[in-house]
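Written below as structure tokens is the structure these notes are about.
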Amino acid sequence: EEYLSGSYVISGSVTSGGSPVSGATIRLVRQLDNRTISTGSATDGTYRFNVSTGSVYHVMAEYQLSGTLYNALSNWNISPV
């Protein structure tokens, strides 16, 4: 897929109570056609997608801590830089 390997970046970090969340599932949805890719957050909570420009995206994070499933992060209209 061409939008999976561009030179633009969407990145961030996942935290809970100020602490990084390792292994969270981050989903990136291209709003144009709802194509989805995913990655996991690193030990410091960070994630990164390399994408092509010209589209906006929806970013979601899911993770489990102490038996509770969280999916609180959801950002719409993210443009790569």
- Message: So, in the range 1-16, exactly how many residues are at pLDDT 90 or above and open to solvent by 50 Å² or more (accessible area, probe 1.4 Å)?
- Response: 3
- Scan the range 17-45 for residues that are surrounded by 15 or more Cβ atoms within 10 Å (Cβ to Cβ) and not basic (Lys, Arg) and jot them down. PRO20, VAL21, ALA24, THR25, ILE26, LEU28, VAL29, ILE37, SER41, ALA42, GLY45
- Return a yes/no flag: does the range 63-74 have any residue that is at pLDDT below 90 and aromatic (Phe, Trp, Tyr). yes
- Which numbered condition trips up MET60, out of (1) in a loop (DSSP other than H, G, I, E, B); (2) at pLDDT 90 or above? (1)
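The values are calculated or read from the model by the stated rules, or taken from the named source; none is laboratory data. Predicted model only: the values in this text are computed from it and were never measured. Ideal geometry is used to build each Cβ from the backbone, glycine not excepted, and the neighbour counts take in all protein chains shown. Surface accessibility is based on the protein's heavy atoms, side chains included, excluding ligands, DNA and RNA. Shrake-Rupley method; radii C 1.70, N 1.55, O 1.52, S 1.80 Å.
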